[in-house]
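The values are calculated or read from the model by the stated rules, or taken from the named source; none is laboratory data. Values in this document were obtained by computation on a predicted structure and should not be read as measured data. Virtual Cβ from ideal backbone geometry, glycine too; neighbours counted across all protein chains shown.
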Amino acid sequence: MKIKIISHKCDSTTTFLIALVIIQLFVSVQMHAQTNSNAKANTNAPNLIIITTDGFRWQEVFNGMNFDIANQSKFNHGDSSYIYKKYGANTISERQKLLMPFFWNTVTSQGQLYGNRNKENKVDVANPYWFSYPGYNEIFTGYPDTAINSNEYPPNPHSNVLAFLNKQKPYQGKVVAFGAWDAYDRILNESVSGFPVINGFESFSSILKDATTDLLSSLLKDSYKPFKEVECLDVFTHYQAMHYLKTKQPKAMYISYGETDEWAHHGNYSNYLDAVHQVDEWIGDIWNWAQTTPGYKDNTYILVTTDHGRGFGNDWTDHGADVKGASSIWFALLGPDVKKIGPLGEQTKDQQLFQKQLAATISKLIGYPFTAEHPVGPSIY
Ligand SMILES: [Zn+2]
C-alpha cells in the first residue's frame, strides 16, 4: 500500500492525521502478520485419523489365516478351497502378507504394530466386559468406567478425545466420525461433543451436499442389509468417509468398520477374513491419499485398533467376559514421529499395554495432550 504525501502546506492537524494514518497502517500490518502466522500454525497441526475394525483378533493380525478354523466346514461353509487359495500359505510371514498386505509391507516398515502375544508384546482392554460400547468408550475417553456395561448404554457421560480436539484451535469445526454401527451417536455423545457423527444408515447429506453424497446415500438406503437396520456394510461407511475426507479435509477423523465382528458372530470365516483384507486395503488407500495430498503429507497420524478380542480355537466366533482371551487386542500407528515412542516395525518388547492408554498416546503424538474431568490412562511414552 502506498501513502500519498501531501505536498501542500501542513498545519498541525494534518501532521497529526498523517501520524495517525502511519500508526494505523503499522498496527494493521502487524495484525495481518499475526493472523498469517496463526493460520499457518493451524494448517500445520498434524491430522489424526483413527480407524477401528470391530472385534478383529490379534491371532489373525499376526499369524494370518488359522488352519484349524479354516478346515472346519461349519466355519468355511463348505468351501475351504476359496480361503486356502486366497489366504493359505506355509509360513506365517507369507500368510501375514496374503491377509493384510498393507499392514505387513507398509505399517511394519514405516509405522508400529503392537500386540503379538507370541512375542510377549501384549495389549488388552482394561474394562472387564470385552464387548463393543465399553471398548469404544475406553479407546476414546481413556477411562474404562465400569458403569458403562451395555451396548444399549445411553449417551456417554464422559468427554472423548475427539470432542477435546474439537475445542483446540486448529481442529475446531474440523472433526468428524463415520461408523457402520448405529451406536456411535451415543458412544461419542454427538449432541454434547459438538462434531458430526454419521453412523449406520444415516445419510451424510446433512454435512456435505453434492451429487456423490446423494448417490452414496441412495445406495446405502437400498443396499443389502445382512445386519438389519443396526449396521451397514463397511463399503458404504468407507466411501462416505473417503468422499468427506477428500472434499472437506477434516483434521481429526474417526472411521469405524464393523463387518469383522458381524461375520465372526455368524461363524463365517471366509467373510471375516475377506472383511479385514478389504479394510487393510482401504487403510492403505487412506494412507496413500494422505501421503500425496498437501497438508496431509508427512503430517498425518493414523491409529488402527479394535474394540475387543475374541476367543481361542472354536471360540473365535465369540467374545465377552466369559470368553477366555477376548480382552486381548492389538493396535497400529503410522505417522511422521511415531519413532518417538520406540523402534519402527512389529513390536517385540515384553510389555503390557492397555486400550485406555490410546487416547493419551495419540493426542500427545499430535501435540495436544488429552485432558478430561475423568481419569485418563497414561500415554505409552
Ligand atoms: Zn460382537
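Observations on the structure shown:
- Where residue 201 falls short, out of the listed (1) more than 16 Å from the ligand (Cβ to nearest atom); (2) not in a loop (DSSP other than H, G, I, E, B): (2)
- Considering residues of region 359-371 that are out of contact with any Gly (no Cβ under 7 Å at 6 or more places or on another chain) and in contact (Cβ under 8 Å) with a residue 60 or more places away in the chain only, the residue surrounded by the most Cβ atoms within 10 Å (Cβ to Cβ): 362
- Among the residues of region 362-374, none qualifies, meaning not one is within 16 Å of the ligand (Cβ to nearest atom), under 18 Å from residue 51 (Cα atoms) and part of a loop (DSSP other than H, G, I, E, B).
- Residue tally, condition part of a loop (DSSP other than H, G, I, E, B) and more than 9 Å from the ligand (Cβ to nearest atom), over region 303-312: 4
- Residue in region 124-134 that is among the hydroxyl-bearing types (Ser, Thr, Tyr), in a helix (DSSP H, G or I), within 16 Å of the ligand (Cβ to nearest atom) and surrounded by 17 or more Cβ atoms within 10 Å (Cβ to Cβ) present: yes
Yes/no matrix, rows are residues, columns are (1) under 25 Å from residue 354 (Cβ atoms); (2) surrounded by fewer than 21 Cβ atoms within 10 Å (Cβ to Cβ); (3) of a type in the set (Gly, Ala, Ser):
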site: 145; (1), (2), (3): yes, yes, no
site: 181; (1), (2), (3): yes, no, no
site: 231; (1), (2), (3): no, no, no
site: 241; (1), (2), (3): no, no, yes
site: 247; (1), (2), (3): no, yes, no
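- Residue pairs whose Cβ atoms lie under 7 Å apart, separated by 6 or more positions or on different chains, with the first residue in region 80-105 and on the phi < 0 side of the Ramachandran plot and among the aliphatic types (A, V, I, L, M) and the second buried (at least 18 other Cβ atoms within 10 Å of the Cβ) and not in a helix (DSSP H, G or I), are 83/65; 92/64; 98/64; 99/64; 99/65.
- Residue match in region 68-89 (condition: closer than 30 Å to residue 352 by Cα, at pLDDT 95 or above and within 16 Å of the ligand (Cβ to nearest atom)): no
- Residue tally, condition loosely packed, with under 13 Cβ neighbours inside 10 Å and not charged (D, E, K, R), over region 322-358: 3
- Residue 119 of a type in the set (Lys, Arg) and either under 23 Å from residue 60 (Cα atoms) or touching a Pro at 6+ places or on another chain (Cβ under 7 Å) (or both): yes
- Selection status of residue 309, under 30 Å from residue 228 (Cβ atoms) and out of contact with any Pro (no Cβ under 8 Å at 6 or more places or on another chain): yes
- Selection of region 135-147 for residues being away from the ligand (no atom under 16 Å from the Cβ) and within 26 Å of residue 180 (Cβ to Cβ) yields 140, 141, 142, 143, 144, 145, 147.
- Members of region 237-278 found to be within 16 Å of the ligand (Cβ to nearest atom) and part of a helix (DSSP H, G or I), listed by number: 259, 260, 261, 262, 263, 264, 265, 269, 271, 272, 275, 276
- Verdict on residue 315 being within 16 Å of the ligand (Cβ to nearest atom) and either assigned to a helix (DSSP H, G or I) or surrounded by 24 or more Cβ atoms within 10 Å (Cβ to Cβ) (or both): yes
- Candidates 125, 192, 175, 161, filtered to the one that is farther than 30 Å from residue 44 by Cα, in contact (Cβ under 8 Å) with a residue 24 or more places away in the chain and in contact with a helix residue (DSSP H, G or I) (Cβ under 8 Å, 6 or more places away or on another chain): 125
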